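S.K.: Quick one: structure below, then a few questions.
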Amino acid sequence: MAMCAALRRFSSNFPAVLPLLSGPARVSARHTGWRAFSASSRLEEALRFTDKHEWVRVEGSIGTVGISSFAQEALGDVVYCGLPEVGTKLQPMEEFGALESVKAASELYSPLTGEVTEVNTELTENPGLVNSSCYERGWLIKMTIENPGELEALMDEAAYEKYVKSLE
């Protein structure tokens, strides 16, 4: 409530969008038509995608990698995640692991050049997180980003959505 009161004082544009706030304060200009203050943006807006359906979210010099909602839906219920060891060095589009589901298996490809710094160990016991929370708790690896310029070759959300539609 205090956050809502502070936001009302912050901008006269907010009364129209305050009902949209839930949980952490976030307002997306895409949905309101207004350029607005944002304590946190939608997760997908910060993602870059490969044509193999991996995504990367950049936080400083670390990229968190996962698979897209489209990929996890196509794969079905994930039952096993084969992920690399910390310290593995990767090149763009190099295979780094695999996901297995009840109906298929799919290789995983690195979106960037870097070194694996962390593996989501929670997926060992609960691989279904890839399905239920692919952009949050179902991430696969974290890696250093050795060449930030490689991000420009990846698709933003709008380009990825257009790419997925072209596959249908």
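S.K.: Dipole of the stretch 92-154 (Lys/Arg Cβ +1, Asp/Glu Cβ -1, origin at the Cα centre): which of THR113, ASN131, LEU151 lies farthest to the positive side?
M.R.: Towards the positive end, the residue furthest out is ASN131.
S.K.: Based on the alpha carbons, how large is the Rg to Rh ratio for the stretch 121-168 when Rh follows Kirkwood?
M.R.: When Rh is taken as the Kirkwood radius, the ratio is 1.08.
S.K.: Using 0.36 nm per residue of separation minus the Cα-Cα distance, give me the extension gain between SER69 and GLU161 in nm, one decimal.
M.R.: Taking 0.36 nm per residue and subtracting the Cα distance, the gain is 32.0 nm.
S.K.: Find out how many positive minus negative residues lie around GLY63, taking Lys and Arg as positive, Asp and Glu as negative, among other residues whose Cβ is under 12 Å from that of GLY63.
M.R.: -3
S.K.: Evaluate the stretch 62-163: find the radius of gyration of its Cα atoms, find its Kirkwood radius, and give the ratio Rg to Rh.
M.R.: Rg/Rh: 0.95.
S.K.: Using the basic label-point model (7 angstrom from Cα toward the beta carbon), what is the GLU59 to VAL79 distance in nanometres?
M.R.: Result: 3.2 nm between the two label points.
S.K.: Moving to a separate point now. So for each of 104-111, 46-53, 91-98, 138-145 I average, over its residues, the number of other beta carbons within 10 Å; can you give me the resulting order with the highest mean first?
M.R.: 138-145, 46-53, 104-111, 91-98
S.K.: Also, I was wondering about something else. Evaluate the Debye formula for the stretch 61-110 with equal point scatterers sitting on the alpha carbons, no solvent, and hand back log10 of I(q)/I(0) at q = 0.13, 0.15, 0.21, 0.24 Å⁻¹, in q order, two decimals.
M.R.: Evaluating at q = 0.13, 0.15, 0.21, 0.24 Å⁻¹ gives log10 I(q)/I(0) of -0.32, -0.43, -0.79, -0.97.
S.K.: Starting from the 7 Å offset along Cα-to-Cβ, what nm value, one decimal, do you get for the label separation of SER132 and ALA153?
M.R.: 3.7 nm
S.K.: For the stretch 87-138, just the Cα set please: Rg and Dmax, both in angstrom.
M.R.: Gyration radius and largest Cα-Cα distance of the stretch 87-138: 11.9, 31 Å.
The numbers here are math on the coordinates, done by the rules we state, and not lab data. All values derive from a computational prediction rather than experimental measurement. Positions of Cβ are backbone-derived with ideal geometry, glycine not excepted, and every protein chain shown enters the neighbour counts.
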